[in-house]
1. Counting helices only, and only those DSSP H runs with n ≥ 4, report the 222 nm mean residue ellipticity of the chain as the sum of -39,500 (n - 2.57) divided by its residues, in deg cm²/dmol to the nearest 500.
2. Given N residues in the stretch 2-60, what is its alpha carbon radius of gyration divided by 2.2 N^0.38 Å?
3. What are the DSSP H helices in the chain that stretch 18 Å or more along their long axis, judged by alpha-carbon atoms, and whose average Kyte-Doolittle hydropathy comes to at least 1.6?
Amino acid sequence: MLGIVLFLGNIIGTGVWRAFADRTRNAEVIAFAQRLVTLTDWAFTLSGVVLILVGGYGMASAAGMI
C-alpha cells in the first residue's frame with residue numbers, strides 16, 4: 001500500500017508543481033521545479049515501484065505461485 005501511495009502521490013504532486021511553475025513563465029522557476037521533479041522521481045517514484053514489486057512477489061509467493 002505504501003508503494004502505491006508513493007508512486008501515485010509523487011506522480012500527481014510533481015504534475016501540480018510543474019503546472020504551477022509553467023504558469024509563471026519564469027525560466028528560473030521552471031528550471032528549479034524541473035530539478036525537484038527529477039529528484040523526487042528518483043527518490044519516491046523509484047522506491048514506490050520497488051515496494052510494489054516486492055509486495056507483488058510476496059503475494060505471489062504466499063499464494064503458492066512461485
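Read the figures in this text as sums done on the coordinates, not as results from a lab. All values reported here derive from a predicted model rather than from experimental measurement.
1. Helix-only estimate at 222 nm: -27500 deg cm²/dmol.
2. Numbers: Rg = 14.1 Å, N = 59, 2.2 N^0.38 = 10.4 Å.
Against the compact-globule rule of thumb, the ratio is 1.36.
3. Numbers: long enough: 2-24 (33 Å, 0.98); 27-40 (20 Å, 1.13); 46-62 (24 Å, 1.74).
For the chain, where a helix must reach 18 Å along its axis and average at least 1.6, the hits are 46-62.
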